[in-house]
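The values are calculated or read from the model by the stated rules, or taken from the named source; none is laboratory data. None of these values were measured; they are calculated from a predicted model. Glycine also receives a Cβ, built like all others from the backbone with ideal geometry; neighbour counts cover every protein chain displayed. Side chains included, ligands, DNA and RNA excluded: accessible areas come from the protein's heavy atoms. Shrake-Rupley method; radii C 1.70, N 1.55, O 1.52, S 1.80 Å.
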Amino acid sequence: MTKPKAWANRIIGYENVPIDQVLFNSKNWRLHPKAQQAALSGVLSDVGVVQNIIINRTTGNLVDGHLRVTLADRNGETHLPATIVELSEAEEAEILATLDPLSAMAAADREKLDELLREVHTGDAAVMEMLTQLAEKAGMYSVDGIDAPMLA
């Protein structure tokens, strides 16, 4: 049995970058519907920034965080925290194509999600709508009076 290849650390630093200097990636394929924009704006208003945007030093392109940069600009913010990585153009394309879909592949543990959602308190309607849709998608609510089955 061969030993797996060691993971390379592609992170070369962290910076607080001016949003007016961020280069949106022309290959970004993600669209951000109004409901997503409103929900993220609500979370940012409720809590603030907790995740860095990602910028590739090689190309200067934004790799992750397009909506956060857009919302920061709309809100009059001037800087965002960024993780700076060093990737080839091909590696940048791979990360751009896979980062969000990999996260979306995760399944929900309904019991833990239920516990977590009971701890979330927000007055933002868009955030509440998003959390309601999350719970519905996880099958946590009954449909037509029939309880949705729990995952094993």
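Of all accessible surface on the chain at a 1.4 Å probe, what whole percent is carbon and sulfur?
Answer for the chain is 56 percent, counting heavy atoms of protein chains only.
Please turn the phi angles of the range 48-54 into ³J(HN,Hα) values with the Karplus equation 6.51 cos²θ - 1.76 cosθ + 1.60 (θ = phi - 60°), one per residue in order, whole Hz, x for glycine and proline.
So the J values, rounded to whole Hz, are x, 7, 10, 9, 6, 6, 10.
Rounded to the nearest 5, what % of the DSSP beta bridges within the chain are antiparallel ones?
65
Quick one: compute the contact order of the range 1-95, relative version, from alpha carbon pairs under 8 angstrom and 6+ residues apart, as a percent.
About 42 percent, as a whole number.
Quick check on the range 73-127: take the gyration tensor over C-alpha atoms, sort the square-rooted eigenvalues as a ≥ b ≥ c, and tell me if it's rounded (a/c under 1.5), prolate or oblate.
The shape class here is oblate.
Would you grab the residues whose amide H sits under 5 Å from the one on L80? Only those 5+ places off in sequence or on another chain, please, with H modelled 1.01 Å from N.
V17, I19
Please work out the average accessible area per residue across the range 1-144, using the 1.4 Å probe convention, and give it in Å².
On the way: 10210 Å² over 144 residues.
That works out to 71 Å² for each residue.
With θ taken as phi - 60° and the coefficients 6.51, -1.76 and 1.60, list the Karplus ³J(HN,Hα) couplings across the range 68-84 in order, rounded to whole Hz; mark glycine and proline as x.
Per residue, the Karplus-derived 3J(HN,Hα) values read 4, 5, 4, 5, 4, 4, 4, 8, x, 6, 10, 9, 9, x, 10, 8, 9 Hz.
Each residue of the range 24-40 in turn: what ³J(HN,Hα) in whole Hz from Karplus with 6.51, -1.76, 1.60 and θ = phi - 60°, glycine and Pro shown as x?
Once θ is set to phi - 60°, the couplings for the range 24-40 become 4, 7, 5, 8, 4, 9, 8, 9, 10, x, 4, 5, 5, 4, 5, 5, 5 Hz.
Kindly provide the Kirkwood hydrodynamic radius of the range 1-82 in Å, to one decimal, from all pairs of distinct alpha carbon atoms. Present the calculation step by step, with values, prior to reporting the outcome.
Numbers: mean 1/r = 0.0701 Å⁻¹.
It is 14.3 Å.
Dividing the Cα convex hull volume of the chain by residue count, how many Å³ per residue is that?
171
I'm a student and want to see the number: the projected area of the Cα convex hull of the range 38-78, averaged over all directions, in nm².
Details: hull surface 12.2 nm².
Mean projected area of the Cα convex hull: 3.0 nm².
Under a plain spin-label model, where a point goes 7 Å from the Cα along Cα-to-Cβ, how far apart in nm are E111 and T59?
4.4
Determine how large the accessible area of M140 is when every protein chain is in place; take a 1.4 Å probe and give Å² rounded to the nearest 10.
50
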